[in-house]
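To start, the structure itself, in structure tokens.
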Amino acid sequence: MRATDHLPARGHGHGHTPAGPASAPVRRLLLVLLLPLVLATVAGALVLYPFGQEIKTGSEVGINHTPVRGEATKVEKGPCAVGLPEGTPVPQDEGCFLVTVRMTDGAAADRDVTIPVPDQPTSPTVSAGDEVVLSYSGTEPTSPLSYQLVDFQRGLPLSLLALLFVGAVLVLGRWHGLRALGALGLSFVVLALFVLPAILAGEDPLWVAVVGAGLIMFVVLYVSHGVSARTSTAVLGTLVSLALIGALGALFGAGARLTGLDEQTANLVTILGHGIDTRGLLLAGTIIGALGVLDDVTVTQTSAVWELRAANPSMGFGQLYAAGARIGRDHLSSVVNTLVMAYAGAALPLMLSFALSGQDLGTILTAQDVAQEIVQTLVGSIGLVAAVPVTTALAAFVAAREEVVAGDDEEPAPAKDDVEDGVEEDEDGEPVAAERAPEPTPPPARSRIAGDLRYGYDPSKEWERVSPRSARPPAPPRRARPGRRGFDD
């Protein structure tokens, strides 16, 4: 018999155990709370999607450069004037690197072209054998003036890194990891097929981001964690926090008079040729950037409350909320720091440039480029902070209404092998024939055995237990002849 056979069969852990089926009252409650939000998200996606509108391509908006791949075969110092018409005097300067590239695709495939690259700190360092990307203007395929070296080819290292990531997720997560990868792929599908086309078509970026984040959240949480009451509660908490982030972003973005016009956004507006809400585009990035961390907070809080309820079914709403909030406070500091460091890392070159400007701290913090990073960080952090009490309260409210399975407090039934076979098992699980010894009867409290401890007891006589209250028998005389003695009468 194993030692675990004597333990009650109701041990609960604090891990993320699979969620059981929800009771009928809980399903009705979640349906009432979640169904309007699902319908609103789907309706918003149908309204904002640019049905019947053609998204302009790069050539239609003035982007005529086509990427062409090639391999650098020779690099040498030389003049920057290359490919000039015959008869044009060539300056004898040595201010460029002349990179000869053998093109592998495009209109001049398998041909060589020599491209000047300025010898400046901002220019890429190219060596012979590097695989590069050229920008072809679409004019003369064999002229060096039609090409510009713009980037390196990174397909192989990025593919290896992606395979390493997928392998690590599958090895550690197995089926859970496979579902997580599927959810990640579907998230990119929502971004590529809904968020980007809707914004390019001129829709409000803030509303597009809210609806797109809602779609991503439904896909990620339900695909990764399954359809259950626990997941639905995490979805509710995430939606409430996203709405709060959107409202605070719109309020303080307008109050701080943020424009969202950095260099890339200004170029985008110029290329599109129609108005786009650059402030809304800034806030859309805030919502989508905070979504991943929000998922982590809401799922963790919901799972914690569910496990507390499973470990102690007598806990009500107040106790579940208090215990879950204590867990959330420990988790909160790490996730807030994660979001702040993420935005700080993305804006590191900007912070370095302002650090060299020689301006005072107040001027630096209130500048447009820095202020928008501050608003993004603080608005997202407030949403994360609010997600802890909101999700904990929702989880406690729902979990407290879960039906507790009867019979948890009853004594466990005897093991099947003990009842039917009456045999024991050794450490390897093999049956061992053995008779059960009767349980020894414990002696009465404070009892003693009287007799001659020096010469032992007579085995032919019965022993007699003497009550503690009885008088102590007289000690034998010291000079008496030794002999066996019986019990005193």
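Among the conditions (1) over 30 Å from LEU394 (Cβ atoms); (2) small (Gly, Ala, Ser); (3) within 22 Å of the chain's Cα centre (by Cα); (4) open to solvent by less than 60 Å² (accessible area, probe 1.4 Å), ALA347 misses just one, which is (3). Being more than 29 Å from the chain's Cα centre (by Cα), over 16 Å from THR391 (Cα atoms) and either at pLDDT below 90 or open to solvent by 50 Å² or more (accessible area, probe 1.4 Å) (or both) is a description that does not apply to LEU283.
Of note, VAL220 does not satisfy the criterion of being over 27 Å from ILE276 (Cβ atoms) and in a loop (DSSP other than H, G, I, E, B).
For the stretch 158-217, filtering for residues that are surrounded by 13 or more Cβ atoms within 10 Å (Cβ to Cβ) and either polar (S, T, N, Q) or not in a helix (DSSP H, G or I) (or both) leaves 5. Please count how many residues of the stretch 352-372 are hydrophobic (A, V, I, L, M, F, W, C), within 21 Å of GLY253 (Cβ to Cβ) and not in a loop (DSSP other than H, G, I, E, B). Residues meeting the conditions: 5.
Contact map, the stretch 244-264: residues that are farther than 10 Å from ARG279 by Cα and β-branched (Val, Ile, Thr) paired with residues that are part of a helix (DSSP H, G or I) and open to solvent by less than 60 Å² (accessible area, probe 1.4 Å), Cβ distance under 7 Å, separation 6+ or inter-chain. Pairs shown: ILE245/THR286; ILE245/ILE287; ILE245/ALA290; ILE245/VAL379; ILE245/GLY380; ILE245/GLY383. Kindly provide the set of residues from the stretch 179-209 that are among the β-branched types (Val, Ile, Thr) and at pLDDT below 90, ordered by number. Of everything in the stretch 179-209, just one residue is among the β-branched types (Val, Ile, Thr) and at pLDDT below 90, namely ILE199. The stretch 111-157 holds no strands (runs of 3 or more DSSP E) entirely within its bounds that carry 2 or more residues that are on the phi > 0 side of the Ramachandran plot.
Within the stretch 311-341, the residues that satisfy the criterion of being open to solvent by 60 Å² or more (accessible area, probe 1.4 Å) and in contact (Cβ under 8 Å) with a residue 12 or more places away in the chain are PHE317, TYR321, ILE327, ARG329, THR338. Of the residues making up the stretch 224-240, those that are open to solvent by less than 40 Å² (accessible area, probe 1.4 Å) and touching a Ser or Thr at 6+ places or on another chain (Cβ under 7 Å) number 5.
Taking the stretch 251-272 as the range and being exposed (fewer than 11 other Cβ atoms within 10 Å of the Cβ) and modelled with pLDDT under 80 as the test, the residues that pass are GLU263, GLN264, ASN267, THR270.
Could you please let me know if VAL220 is out of contact with any Lys or Arg (no Cβ under 6 Å at 6 or more places or on another chain), open to solvent by 10 Å² or more (accessible area, probe 1.4 Å), of a type in the set (A, V, I, L, M) and within 23 Å of LEU196 (Cβ to Cβ)? So VAL220 passes the test.
Consider the stretch 138-155 and keep the residues that are open to solvent by 40 Å² or more (accessible area, probe 1.4 Å) and over 43 Å from the mean Cα position of the chain (by Cα). The one that is farthest from GLY106 (Cα to Cα) is LEU145. Within the stretch 109-133, residues that are in contact (Cβ under 8 Å) with a residue 60 or more places away in the chain and among the charged types (D, E, K, R) have Cβ atoms under 7 Å from residues that are assigned to a loop (DSSP other than H, G, I, E, B) and open to solvent by 40 Å² or more (accessible area, probe 1.4 Å) in these pairs: GLU131/GLN153, counting only partners at least 6 apart in sequence or on another chain. Kindly provide the set of residues from the stretch 321-355 that are farther than 17 Å from VAL390 by Cα and β-branched (Val, Ile, Thr), ordered by number. Across the stretch 321-355, the qualifying residues are THR338, VAL340.
The values are calculated or read from the model by the stated rules, or taken from the named source; none is laboratory data. From a predicted model like this one, the values you see are computed outputs, not experimental measurements. All Cβ positions, glycine included, derive from the backbone under ideal geometry; neighbour counts span all protein chains shown. The area values use the complete protein model at the heavy-atom level, side chains included, leaving out ligands, DNA and RNA. Shrake-Rupley method; radii C 1.70, N 1.55, O 1.52, S 1.80 Å.
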